[in-house]
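**Student:** Sharing a structure, written as structure tokens. Questions coming.
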Amino acid sequence: MNQASPDPGATVVIVHRVRRDKHAEYEAWVNEISSLSRSAPGHLDWNLVRPIPGVTETYTVIIRFQTSEDVKSWMNSGERKRSIERVRPLLVGEDESYISSGLDFWFAPTGTKAKVPVRWKQYLLTWSVIYPLVLGVPRLVRPALGAIGFPPDVFLNTLVVTAVIVYLMVYVIMPRYTRLLRRWLFA
């Protein structure tokens with residue numbers, strides 16, 4: 001008997017560039033749409049990545065759903081469409097989004113209909129960054145924690161080390177590394 005593999009779920013990544021004088025209004029809108037998306041069937045998780053002054057200009061909303069059908073239903077829902085119409089005057093450009101699985105959003109250039117590299121290239125690229133970080137970051141963080149008076153604690157050390165590694169991956173290394181290797185990634 002041949003069983004179909006279960007739907008691995010899906011993530012929608014939504015990118016908005018907000019007008020400089022409209023950030024407060026946009027934040028209020030985000031609170032509203034966050035509640036709407038969280039009540040959608042199949043919703044698993046919702047995250048907002050705010051712009052970092054001088055580094056990025058965009059808000060990125062990442063919403064995970066149990067199935068690809070759930071994410072498609074949310075994206076095409078009347079609630080979402082009405083909400084997007086209300087926020088349009090606050091945006092520079094369009095409501096850009098793409099649906100992916102796994103960590104595809106690290107590898108996709110900004111914009112809709114982004115091409116995503118094959119999984120084995122994503123794996124190699126991610127591993128080539130994680131390996132040196134896992135070797136190096138603990139050697140810097142643990143002594144720094146000790147120097148500021150924190151006693152050796154495996155849970156605290158792991159919490160801080162993983163926070164630093166994820167921050168470096170998401171905000172510092174992966175955006176630059178994927179840009180540097182884009183020819184190979186998308187070949």
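The values are calculated or read from the model by the stated rules, or taken from the named source; none is laboratory data. Just so it is clear, the model here is predicted, and its values are computed rather than measured. Using ideal geometry, Cβ is built from the backbone for each residue, glycine included, and neighbour counts are taken over all protein chains shown. These area figures cover heavy atoms from the full protein model, side chains too; ligands, DNA and RNA do not enter into them. Shrake-Rupley method; radii C 1.70, N 1.55, O 1.52, S 1.80 Å.
**Student:** For region 8-28, enumerate the residues that are assigned to a helix (DSSP H, G or I) and over 19 Å from the mean Cα position of the chain (by Cα). Outline the logic, then answer.
**Tutor:** Our first condition is that a residue be assigned to a helix (DSSP H, G or I); within region 8-28, this holds for 20-28.
Scanning region 8-28 gives ARG20, ASP21, LYS22, HIS23, ALA24, GLU25, ALA28.
**Student:** Collect the residues in region 97-123 that are in a helix (DSSP H, G or I) and either modelled with pLDDT of 90 or more or open to solvent by less than 20 Å² (accessible area, probe 1.4 Å) (or both), keeping them in residue-number order. Before the answer, list the steps.
**Tutor:** In the first step, residues of region 97-123 are kept if they are in a helix (DSSP H, G or I); the result is 104-107, 119-123.
Once the filter is applied, which keeps residues that are in a helix (DSSP H, G or I) and either modelled with pLDDT of 90 or more or open to solvent by less than 20 Å² (accessible area, probe 1.4 Å) (or both), region 97-123 yields ASP104, PHE107, LYS121, GLN122.
**Student:** For region 67-79, indicate whether the set of residues that are modelled with pLDDT under 85 and either touching a helix residue (DSSP H, G or I) at 6+ places or on another chain (Cβ under 8 Å) or not in a loop (DSSP other than H, G, I, E, B) (or both) is non-empty.
**Tutor:** yes
**Student:** Sticking with this one: Residue pairs, Cβ under 8 Å, 6 or more apart or interchain, first in region 169-187 and in contact (Cβ under 8 Å) with a residue 24 or more places away in the chain, second open to solvent by less than 50 Å² (accessible area, probe 1.4 Å) and of a type in the set (Lys, Arg). List them.
**Tutor:** That search, which allows pairs on different chains as well, returns TRP184/LYS121; LEU185/LYS121.
**Student:** Considering TYR167, TYR177, TYR171, TYR131, which residue is outside any loop (DSSP other than H, G, I, E, B), more than 20 Å from the chain's Cα centre (by Cα) and of a type in the set (Ser, Thr, Tyr)? Walk me through how you get there before you give the answer.
**Tutor:** Numbers: TYR167 fails: more than 20 Å from the chain's Cα centre (by Cα); TYR177 fails: more than 20 Å from the chain's Cα centre (by Cα); TYR171 fails: more than 20 Å from the chain's Cα centre (by Cα).
It is TYR131.
**Student:** Note down all Cβ pairs under 7 Å where the first residue falls in region 8-30 and is open to solvent by 50 Å² or more (accessible area, probe 1.4 Å), the second is among the β-branched types (Val, Ile, Thr), and they're at least six residues apart or on different chains.
**Tutor:** Every condition considered, the pairs that remain are ARG17/THR58; ARG17/VAL92; ARG19/VAL92.
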